[in-house]
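Below is one structure, written out as structure tokens, with a few remarks after it.
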Amino acid sequence: MSKKNVKREKLYLIVIVLFLIGYPTWKYFLKTQKKDYTVGEITGYFTPVRLGTSAVFLYSVNGIEYEGTLSLKSFELKPEVGMMYIVEYAERNDGKYGEIRPDLRLREKVNEIPKSGWDELPANLKFYSN
């Protein structure tokens, strides 16, 4: 085996190890941050090669629209286009990296959503029970 191939294999190994350590660390970091909440709407589906179908959702924070996806395996029932769910995001990220909460599907449309989201979920929101 040539030195060039050995260096390339070491580089691949380093990248894989960094990903395996970095991604879970990043997810943990996001979960420990203070959360804000808003409402997201299912807008469609996305099927990447060999990974299964994901629901696509849109939400808005401070007038900026964001898009996210979540595997359909995370939902108890397949969400339909137009269904509304709570989206949570780290307060310091100002809306980026929001995650839809499949356990918090709204029963009715919410008319008054603050542009910057809620610091805590309002008590008057009604959800479908799981």
task = Evaluate the Kirkwood expression for the hydrodynamic radius of the chain, namely the inverse of the mean inverse distance over all pairs of different C-alpha atoms, and round to one decimal in Å.
result = 16.7
request  = Compute the signed sum of charges (Lys and Arg +1, Asp and Glu -1) over the other residues within less than 15 Å, Cβ to Cβ, of Thr47.
outcome  = +3
ask   = For the chain, modelled as a Gaussian network with Cα springs under 10 Å, which listed residue fluctuates most, Val81, Val39, Val15?
value = Val15
query = Cβ under 13 Å from Trp26's Cβ, Trp26 left aside: what net charge do those residues give with Lys, Arg +1 and Asp, Glu -1?
reply = +2
note = Of all GluC sites (Glu not before Pro) in the stretch 84-130, the ones in DSSP coil with at most 14 other Cβ atoms within 10 Å are Glu108, Glu112, Glu120
request  = For every helix of n ≥ 4 consecutive DSSP H residues, a contribution of -39,500 (n - 2.57) applies; sum these over the chain, divide by its total residues, and give [θ] at 222 nm rounded to the nearest 500 deg cm²/dmol.
outcome  = -8500 deg cm²/dmol
Where GluC sites (Glu not before Pro) fall in DSSP loop in the stretch 2-84, at most 12 other Cβ within 10 Å = Glu76, Glu80
remark   = Listed residues Leu13, Leu72, Leu104; largest mean-square fluctuation, Gaussian network over the chain with Cα springs below 10 Å, found at Leu13
key: Highest-fluctuation residue, Ile42, Ile16, Ile86 considered, GNM on the chain with Cα pairs under 10 Å   = Ile16
request  = Calculate one ³J(HN,Hα) per residue across the stretch 52-66 by plugging θ = phi - 60° into the Karplus curve 6.51 cos²θ - 1.76 cosθ + 1.60, and present them in order as whole Hz with x for glycine and proline.
outcome  = x, 7, 10, 7, 9, 10, 10, 8, 10, 9, 6, x, 9, 8, 10
ask   = In whole Å, how far is the Cα centre of the stretch 1-77 from that of the stretch 95-127?
value = 21
message = Taking 20 Å as the cut-off for C-alpha to C-alpha distance, list the pairs among Lys34/Lys96; Lys35/Lys96; Lys27/Lys109 that go past it.
response = Lys27/Lys109
key: Over the stretch 34-130, relative contact order from alpha-carbon pairs under 8 Å, at least 6 apart, %   = 31
key: Helix 3-32 axis, angle to the chain major axis (alpha carbon atoms, nearest 10°)   = 20
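No value in this document is a laboratory result; all are computed from the given coordinates. In this text, all values refer to a predicted model and were calculated from it rather than measured experimentally. Here the Cβ is made from the backbone with ideal geometry for all residues, glycine too, and neighbour counts use every protein chain on show.
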